[in-house]
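The structure under discussion appears below in the form of structure tokens.
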Amino acid sequence: MAHRFIEPLVQESTPAIIARKLRYAIGHGELQPGQQLGEADLARELGVSRGPLREAMQRLTQEGLLVSIRNRGIFVTELGPEDIADMYLARTAVERAAGLKIIEVVGIHEKVAAALRTVTDKMAQAVAAGERGSVLSDLDIEFHELLVRMADSGRLSRMHQTLMTETRMCMAALEDTGYTPEDRLAEHEAIADAIGTANVPLFHKLLAHHMDDAVEKISSSMRALENAPENAKVDVTENAPEGAMENDGGVVPAAAAKGAAAEPVA
């Protein structure tokens, strides 16, 4: 049957819209790891009532992006080394599944590879222009989101959405580890090429290396921060604004809520 253009519109509910905005704010550092979220302040800033805000926060708690601590409140989750490793493990599983569907089930690997190469082309232009930081991170994220989106699986996309928010939370830490823009570009180009040639074993190998390398680099950065002399840690936040988190350079701090009892948002 030919594709139909006249079909019911899919409208997002208010809690879904709020959850998306909060997810974006967490991923881009507007809401910092460990930051407490005040329901009244958030409702006022978003221009919404507390009911849909609570539902949105419940969704993000279920996704693991927020944590509710008894008698303390609701906080943006903090990612430790074990969380980072688990998140990248889940990303590998989702992106492998997307790649397998693209290559082996629907056979659109050449079309997907061409789309992915438009992103790596933009990445190459950014590298040539000397761009660093958020520009390359945004293109990195765009590449992986496009890979999963083109697999046309709603469930994979929903799982990937949360994982990519967590990825954004630690992207800056990755940039501080000597991960050169040239290496970043080469890895993404190789993955796109493996998809284009329908080389499943190579795709698996390259994707696993890409993810494992990121885990090692970020974990090493976090361990270095934890092992730094106490006076060096103080200097990091000495001139920071009141309430700022100790994550200068984008290093995701260790979980402040460790050992505290977490519960669903009321």
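The values are calculated or read from the model by the stated rules, or taken from the named source; none is laboratory data. Just so you know, these numbers come straight off a predicted model, no measurement behind them. Here the Cβ positions follow ideal geometry from the backbone for every residue, glycine too, while neighbour counts run over all protein chains shown. These accessible areas exclude ligands, DNA and RNA; they are computed on the full protein's heavy atoms, side chains included. Shrake-Rupley method; radii C 1.70, N 1.55, O 1.52, S 1.80 Å.
Odds and ends about this structure:
- Helices (runs of 4 or more DSSP H) wholly inside the stretch 22-109 containing at least 3 residues that are surrounded by fewer than 18 Cβ atoms within 10 Å (Cβ to Cβ) and modelled with pLDDT under 90: none
- Residue list for the stretch 185-195, filter: open to solvent by less than 20 Å² (accessible area, probe 1.4 Å) and touching a residue at least 60 places away in the same chain (Cβ under 8 Å): 188, 191, 192, 195
- In the stretch 166-179, the qualifying residues are those that are more than 22 Å from residue 122 (Cβ to Cβ), of a type outside the set (D, E, K, R) and assigned to a helix (DSSP H, G or I), and the one that is modelled with the lowest pLDDT is 173.
- Residues within the stretch 73-112 that are touching a strand residue (DSSP E or B) at 6+ places or on another chain (Cβ under 7 Å) and in contact (Cβ under 8 Å) with a residue 40 or more places away in the chain, tallied: 4
- Candidates 232, 198, 228, filtered to the one that is modelled with pLDDT of 75 or more and either among the β-branched types (Val, Ile, Thr) or open to solvent by 20 Å² or more (accessible area, probe 1.4 Å) (or both): 198
- Restricted to the stretch 112-153, and to residues there that are of a type in the set (D, E, K, R) and not in a helix (DSSP H, G or I), the residue that is least open to solvent (accessible area, probe 1.4 Å) is 131.
- Among the candidates 182, 216, the residue that is among the acidic types (Asp, Glu), open to solvent by 30 Å² or more (accessible area, probe 1.4 Å) and in contact (Cβ under 8 Å) with a residue 24 or more places away in the chain is uniquely 182.
- Some residue of the stretch 180-187 being modelled with pLDDT under 95, among the hydroxyl-bearing types (Ser, Thr, Tyr), within 24 Å of residue 85 (Cβ to Cβ) and not in a helix (DSSP H, G or I): yes
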